[in-house]
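Here's the structure we're looking at; comments come further down.
The values are calculated or read from the model by the stated rules, or taken from the named source; none is laboratory data. Remember, predicted model here, so these are calculated numbers, not experimental data. Backbone-built Cβ (ideal geometry, glycine too); neighbour counts: all protein chains shown. Side chains are part of the model used for accessible areas, which takes the heavy atoms of the whole protein and leaves out ligands, DNA and RNA. Shrake-Rupley method; radii C 1.70, N 1.55, O 1.52, S 1.80 Å.
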Amino acid sequence: MTSTRRTPDWWRDAVVYQVYPRSFADSDGDGMGDIPGLISRLDYLEDLGVDAIWISPYYTSPLHDGGYDVADYRSIDARLGTMDDVDRLIEQAHARGIGVIMDVVPNHTSSEHPWFVEALTTEPGSLQWDRYIVREGSGPDRETPPNNWRSVFHGSGWSHVRDAAGDPTGYWYLHLFDTTQPDLNWENPEVRAEFRDILRFWFDRGIDGFRIDVAHGLVKEEGLPDYAYPSDDDEPMQPEMFDFGDVAHAPFWDQDGVHDIYREWRAVADEYDPPRVFCGETWVPNPERLARYQRPDELHTSFNFAYLEAGWDAGRMRASIDDTIAQHAKVGAPPTWVLSNHDVIRHRTRMAPGFDNQHRLTCVVDEERGLRRARAATLFTMALPGSLYLYQGEELGLPEVRDLDAEVRQDPAWHRSGGTDGTRDGCRVPIPWSGQEPSYGFGPGAASWLPQPAAWADLSVEREQADPASTLAMYRAALRIRRAAAALGEGPLTWLDVDGDALAFQRAAADGSTVTCVLNLSESTLRLPTAWGSEVLLGSTDDVAVLATDDGAEELVLGSETALWITSAS
Ligand code: NOJ
């Protein structure tokens, strides 16, 4: 990599852009994005100013869960490209100073993985079955699952092991996700060795790191005890994810034993020069549990979902920021910040007035104010210390597509929940690049694996590149400033007193320069103290006025639902 940012510590304040490859850019017109398509858009990512890309899985996969069901960890799905394409991607990204982070899926394989296929030809108790989590059923005829664990995608977390004739055997395999995603047995040394080898396989090809799927889930509590679910509803995920409170610690998440695996992985990453890096997908209840994954001999970073969940709420945002920074400081790790990804409702829609998560597809939201809030929240987040994860399309201000027909939806949870959940397709609709007609430059023709809304012609990269007030222009300007300003990136944060529904903090560099960041969450204007200066670096809208005060000083007045960066030179 030629970038001067390519120091061993580059990841501590990196801006990492998530590519969901099936939806980013399609080179061959089959309606599915691919690696050559991604390569053709690297100039765009360089101009945007990102330090690295994290690419969701592109391994050989039956795509029952968008590629998070891996059939072969050492090959590329033919629909997405070839190994040569990946080599070119790594080379061309590095030539632009962009790091490449792949996605490793260690909690489960696809049911089409050779290990699972082979296991099915043997009796439970075999060495082959020991790579997975298989138990005898309970009840007289072993017709009841071994315990009460649920699938994150709804329904039971267990399915029958069937014999060659398709009849149930009395044994069951665990799948915390879809039935086609059997959980691996991480007590088995062969599983551990295999994944260390997979890491090396890709590190040797030159990638810079891995995002780890379900990083908190690999180890299950001994004896696989029943879980006291907080509710009898078929609600598999949320309650135990955040803030345990009265809720018991789930026996399948965030077990202490998982940390040993990451110590082994860290040793592998540290064999390389420069050392390779990890980012964990760790859904844990609070920043204290999160920071445990970032102890010095474990993962470099993990996603901070508590901040994502804080929403458009000054009190929750500030509490989450304080707790995150404090807990990470204890382990010497930088915090990370993320507002959107391929599993959650896009933050433009989620933050919009009227959004109601219980009725996320049908609630009426104010899209324009959603965009205004999303831009403000993003600019605010970009000034926080540590590293930042962006999800493709958020830089265009894309909303969630909530009106996809049931027939086109592919999220397995949609089907397992009978259409009441599994709404993740709406944030995976292919990116609009240019033009007036679908696929809006996503591919050479009209095809896209999910239909794009007509309104997206106005949100294309081409349109926004031509508009200095666009969301894309704001992202570019912010990332340019963030890279250049000594006060941004890693370092201390000091809260400033501010009136009303607002947040303000200052970042200061060793050279004495500062960046003050203000977020006005209210629907009224906000007058800023003159002492904060009037040298505007960037606003999330142009709704910022400079007024002369009686004593000749200059006062900034910030519009509603707007964020602002102000500087004082050193
Ligand atoms: C988390 C991934 O982000 C999600 O897309 C996937 O469905 C699950 N893990 C299971 O692999």
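Before moving on, here are some points about what is shown:
- The range 446-513 and the range 114-169: distance between their alpha carbon centers, rounded to Å: 48 Å
- In plain terms, if you count all Cα to Cα distances in the chain and split them into 20 Å steps from zero, the share in each step is 20, 55, 22, 2, 0 percent.
- Stretching the chain fully between ASN148 and LEU547 yields a gain of 137.3 nm (0.36 nm per residue, less the alpha carbon separation).
- Compared with the dominant Cα axis of the chain, that is its longest principal axis, helix 367-382 is turned about 90°.
- Tail beyond 21 Å, pair distance distribution of the range 1-89 (Cα, percent): 35 percent
- GLU309 accessible area, assembled protein chains, probe 1.4 Å, Å²: 70 Å²
- Label-point separation, GLU190 to ASP9 (7 Å along Cα→Cβ), nm: 4.4 nm
- Among ILE345, GLY426, THR514 - extreme Cα towards positive end, dipole of the chain, charges at beta-carbon: THR514
- Förster radius 56 Å - calculated FRET efficiency between THR530 and VAL117, Cβ distance, rounded to 0.05: 0.20
- Among ASN185, TRP532, TRP172 the positive-end extreme of the charge dipole of the chain (Cβ point charges): TRP532
- Taking all Cα pairs closer than 8 Å and separated by 6 or more residues, the relative contact order of the chain comes to 13 percent.
- Degrees separating the helix 258-269 axis from the principal Cα axis of the chain, which is the longest one: 70 degrees
- Model label points for ASP405 and ASP366, set 7 angstrom from Cα along the Cα-to-Cβ axis, are 3.4 nm apart.
- Taking amide H atoms as placed 1.01 Å from N in the peptide plane, the amide H of SER75 lies under 5 Å from those of THR60, each 5 or more residues away in sequence or on another chain.
- A Cβ-based charge dipole, computed about the Cα centre of the chain with Lys and Arg at +1 and Asp and Glu at -1, lands at about 1060 debye.
- P(r) tail, the range 55-118: Cα-Cα pairs separated by more than 18 Å, 38% of all pairs.
- Taking a ≥ b ≥ c as the square roots of the Cα gyration tensor eigenvalues, the range 240-329 comes out oblate, since a/c reaches at least 1.5 and a/b does not exceed b/c.
- Label-point separation in nm, ASP313 to ASP273, each point 7 Å along Cα→Cβ: 5.0 nm
- Per-selection metrics, the range 67-196 (Cα): Rg and Dmax in Å: 17.8, 63
- When all protein chains stay in place and ligands, DNA and RNA are ignored, the 1.4 Å accessible-area order of VAL105, VAL498, largest first, is VAL498, VAL105.
- Taking amide H positions as modeled 1.01 Å from N, with prolines and chain starts lacking one, the residues under 5 Å from ARG150 and 5 or more places away or on another chain are GLY157.
- Neighbour cut-off at most 15 other Cβ (10 Å), DSSP loop, GluC sites (Glu not before Pro), the range 92-188: GLU143, GLU187
- Exposure rank, largest accessible area first [THR282, THR82; 1.4 Å]: THR82, THR282
- Distance between the range 47-78 and the range 421-437 - C-alpha centres, whole angstrom: 18 Å
- Cα centroid of the range 525-570 to Cα centroid of the range 330-374, whole Å: 26 Å
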